[in-house]
Amino acid sequence: MKSMSPVWHPFTQHAVQPEPTLIARGDGAWLKTADGRRIFDAISSWWVVTHGHRHPHIVQAIKDQVDRLDQVIFAGFTHEPAERLARRLIAITPPELEYVFFSDSGSTSVEVALKMALGFWRHRGEKRSRILALEGAYHGDTIGGMSVGERGVFNAPYDPLLFDVERLPFPSAGREQATLDGLNTVCRNGTIAALIVEPLILGAGGMLIYPPWVLAEMKRICETHGVLFIADEVMTGWGRTGTLFACEQASVTPDIACYSKGLTGGSLPLAVTLCRADIFDAHYSTDRTRTFFHSSSYTANPIACAAALANLEIWEREPVMERIGRVAILHTENLDRFRDDRRFTNIRQIGTIAALDIAAADAGYMADIGPRLYQGFLARGLLVRPLGNTIYTMPPYCSTASELDLVYEAIGAIADEIE
Ligand code: PLP
């Protein structure tokens, strides 16, 4: 029977999925339902909540900002939270990244990155307009984001709208050279504007990890051929992979970088695209047709910027890296219990992200096992959203040993049930 609610939920097949769970509160790593149940947020509410729900410092910053300025047009006007935030971001990222463009979601930060890259080459009078991306990538659900992402069931109906991109094979273990050779070859033809990558781990594409040396090599090859390197750190940023940004592990400085999700500690929607000065300069002209024509109404919303500033203060004042290290150790210890369990394969981890594949007859994202696993976790008070037969957890950094134990116990118990 159709729901009485007029809400159409994202990535939700209303015809087969149960009614959405009504959430009334969030505290730390926990959600509380309207009927009083507690749910451990083992995926940080789609990977955004880093320090836990309603961190008091972020909540206070939001309250203070609301009392001063809620929203103002960001073309022709500016405000202190955005100015301060941009300076702080410049200070904590590689010195080559000198400009900050605000938007409001991971997808829009990617759209901005792609437009910056194309604008750069056009304004320099060079015919480079093709984008390179990794097979299996996910960069968001806007038309540009879908175009550079993996094609499949998610975007098949919109295929006529999507632009063509060059693809590189994912650098799976032992096959890295094929990716690098492919990159070298395609870069030689001189039409490539930019390579966009999720550094070190493909998120929605299945939590697939590749080593820092490959990332470093990809950057080096791009540099050799003058191809811009876009790091989509929307998921990997803000400590997820064990360093503030994943590119740090490969000593890679991207030409353009996208950050969102944990930028506000997961409290409010905000995104930034950082770029090198020459990309800004290519648009800087008395010729007004060279303006960077991109905006959205809520660009650099002051409340969201204040939340992001508070997030940066938390990173400065609190032992965030220690917490990340602790979560990483807990993952490693807990994953050990599955290493000899033949029902699981591809046990993997990077920083606070842990994943493993459960044996299933049918293994893709649309496999029936996905919703069954999801319901199994939910019934145990755990928010875990498997990607097909890939179970992963990416909890807030405040998660404790006993909380993570709940997740890993449930993985074992659900595997028993499914058998
Ligand atoms: N890029 C990556 C790597 C992502 O993981 C995501 C979302 O999961 C996006 C872009 C899109 O972000 P958003 O959902 O905020 O638009």
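Some points to look at:
- Beta bridge orientation in the chain: antiparallel %, DSSP, nearest 5: 65
- Summed residue charge, Cβ within 14 Å of MET321's Cβ, Lys/Arg positive, Asp/Glu negative: 0
- Cubic angstrom per residue, convex hull over Cα atoms of the chain: 157
- Ordering 66-77, 320-331 by mean Cβ neighbour count within 10 Å, with the highest value first, yields 320-331, 66-77.
- Alpha-carbon Rg with Dmax, taken over the stretch 1-140, Å: 20.6, 61
- Here the stretch 265-305 and the stretch 373-419 have alpha carbon centers that stand 38 Å from each other.
- Peptide packing for 279-291, 233-245 was compared via the average number of neighbouring C-beta atoms within 10 Å per residue; ordered from the highest value, the list is 233-245, 279-291.
- In this Cβ point-charge picture (+1 for Lys and Arg, -1 for Asp and Glu), the chain has a dipole of about 500 debye about its Cα centre.
- Sorted by Cβ neighbour density within 10 Å, fewest at the top, the residues SER105, SER260: SER105, SER260
- Amide H partners (placed H, <5 Å) of LEU168, local residues excluded: ALA133, LEU134, GLU135
- Packing-based ranking of 35-41, 304-310 yields 304-310, 35-41, ordered from highest to lowest mean Cβ neighbour count within 10 Å.
- The chain: most fluctuating residue of ALA246, ALA117, ALA15 per GNM, C-alpha cutoff 10 Å: ALA15
- Dimensionless Rg ratio for the stretch 319-418, taking C-alpha atoms and the 2.2 N^0.38 Å reference: 1.03
- With neighbour counts taken as other beta-carbon atoms within 10 Å, the residues TRP47, TRP8 rank, fewest first, as TRP8, TRP47.
- The ranking of LYS219, LYS261 by Cβ neighbour count inside 10 Å, starting from the fewest, reads LYS219, LYS261.
- In this rough spin-label picture, where each label sits 7 Å from Cα along the Cβ direction, the SER297-GLU223 distance is 4.4 nm.
- Whole-number percent relative contact order across the chain, with pairs defined as alpha carbons under 8 Å at least 6 apart: 22
- Secondary-structure-derived ellipticity at 222 nm for the chain, considering helices only, amounts to -11000 deg cm²/dmol, per-run term -39500 (n - 2.57) for DSSP H runs with n ≥ 4.
Any read-out appearing in this document is the output of simple, stated calculations on the displayed coordinates, not a laboratory observation. Note that this is a predicted model, so its numbers are computed, not measured. Neighbour counts are summed over all protein chains in view; Cβ atoms, including those assigned to glycine, are modelled from backbone coordinates with ideal geometry.
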